[in-house]
Each structure stands twice: as C-alpha cells, then as structure tokens.
Number of protein chains: 2
Amino acid sequence: MPIDQLSATFAALANPTRRAILARLVSGECSVSQLAEPFDMSMPAVSKHLRVLERAGLIARRHEAQWRHCRIDAAPLKAVAAWTERYRHIWEARLDRLDTYLQQIAKKKEGKHDRKPRRK
Amino acid sequence: MPIDQLSATFAALANPTRRAILARLVSGECSVSQLAEPFDMSMPAVSKHLRVLERAGLIARRHEAQWRHCRIDAAPLKAVAAWTERYRHIWEARLDRLDTYLQQIAKKKEGKHDRKPRRK
C-alpha cells in the first residue's frame, strides 16, 4: 500500500534527530556537513535521516559544485497544523474544565478564610 | 533508547487507520467493537492500533462489565500543535511570496488589456 502524504510526514517527524535538523533549518539553508556537526553520528546516519525528510517533502536538497545544501519546506507542516486544529476544541474544553475546577477550589478556600475563628 | 513523548505521538499518528479512530472518538466515547465496525480488519488488528494510541496517551480505555470503552485524550495533540506552530512563519512567508507573484502577474495582464488594440 503506498503511504499517504500525512502518514509520511508524521513518520518523518517521529524522530528527535530529524526534528532537530528541521529546527536548525529554520534559520536558513545550510550544507549537509554543517547540519551533521551537532550530532554524534556518522555521515551515512545523518544522510539517512535527510533522505527520510526529503521523501516526506520536509526538506529540499540542491547540489552546488561539491557541496550539498538543504533547505526546509514547511508545506507538509501546514497540513499537520490543519489536521491537528480539528482537535483543538477537545484540549481547550479539557483546560476549561480544569480551570472551573481550580476556581471552585479557590472559592472554597476563600470561604474558609473569611469565617471568624472560633474562640476556645 | 526510550522513545520521547513527541516521537511516540508522531509515530502513532503516522497511520491512516489510527487517525480515523481518533476522528471517530471526537464525537464521544465508544466501545471497541463500535470503533472496529467501519474497518475491514480483524479485531486483533484493531486492538493493536488501539494499543499504539494508548501507549502514546492519545486514547484512554476503561472496562465496564464485558465492554471495553475508549475515549480520546487530546493533550498530546496540543503538544503537536505547539511544536508545529514554530514553523508557521515559514509556510506563511511562502504563501505571501506566492501571493505577491500572482498579483504581479495579474497587474501585467491588466496592463496588456488596458492598451488600445493596434489597427492593422
């Protein structure tokens, strides 16, 4: 079964090294060796991550003389944001419920402090 | 290496069946057999998907007599939305550039139409 675009994007993002590569590319295009620098891994391992990101359409690579440059393509992330947005009302409703609950507790505490202390 | 929470969430979402299960749970809690109904797959296959979603914290299951019920937990999706948000300026800048380009083309076309036709 051919993998759908959104599944390919999510699979590519399911790795902290690949997410760190994308974070690095936010500040602009850079070479593959610059990208590999902060990671304690071999160049083939980094290249493998770049291939996954490229296949998911999250980065584009271009060759210039002997240099390979990468840049981010955020279009698939726009699709992730749109997909996630459908669930926003659920987590916001949950936070609202939590907020109401905390307000109720605060009111109860206030009520206790307002009462005059009983004389012994 | 233990998998980080965000990677587990992305990995769980990298499958159209699992995303369809979450979409179904938006309208409320339901039983495992109700969840399995629309899918052309065995119950063990559906259960496997549910386990992945549960391990990622995207659903919670509860047993009631012989019934197993599932409900969505959107908290990990809130983290996905927050992560994706960091890249919004990139896709928006890209759309702005596209918009400017299309406006330029439209202006050029308008200019052509405004010119009086030459007599032959």
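What follows draws every value from the coordinates through simple rules; no lab data is involved. Keep in mind it's a predicted model, so treat the numbers as computed, not measured. A quick note on method: Cβ atoms are made from the backbone with ideal geometry, for glycine too, and the neighbour counts reach across all protein chains shown.
Here are the numbers for this structure:
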item: Any pair with Cβ under 8 angstrom, 6 or more apart, that starts in the range B:91-106 at a residue that is over 16 Å from residue A:28 (Cα atoms) and ends at one that is surrounded by 10 or more Cβ atoms within 10 Å (Cβ to Cβ); result: none
item: Qualifying positions in the range A:1-50 - small (Gly, Ala, Ser) and free of Cβ contacts under 8 Å to residues at least 24 places away in the same chain; result: A:7, A:14, A:20, A:23, A:27, A:33, A:36, A:42, A:45, A:47
item: Output for the range B:1-22, where each listed residue is more than 9 Å from chain A (Cβ to nearest Cβ), surrounded by fewer than 19 Cβ atoms within 10 Å (Cβ to Cβ) and within 20 Å of the chain's Cα centre (by Cα); result: B:5, B:17, B:20
item: Hits in the range A:41-70 - residues which are assigned to a strand (DSSP E or B), aliphatic (A, V, I, L, M) and surrounded by 15 or more Cβ atoms within 10 Å (Cβ to Cβ); result: A:59
item: Residue in the range B:23-40 that is surrounded by 15 or more Cβ atoms within 10 Å (Cβ to Cβ), assigned to a helix (DSSP H, G or I) and touching a Ser or Thr at 6+ places or on another chain (Cβ under 8 Å) present; result: yes
item: Members of the range A:67-91 found to be within 21 Å of residue A:53 (Cα to Cα) and more than 7 Å from chain B (Cβ to nearest Cβ), listed by number; result: A:67, A:68, A:69, A:70, A:71, A:73, A:76, A:79, A:82, A:83
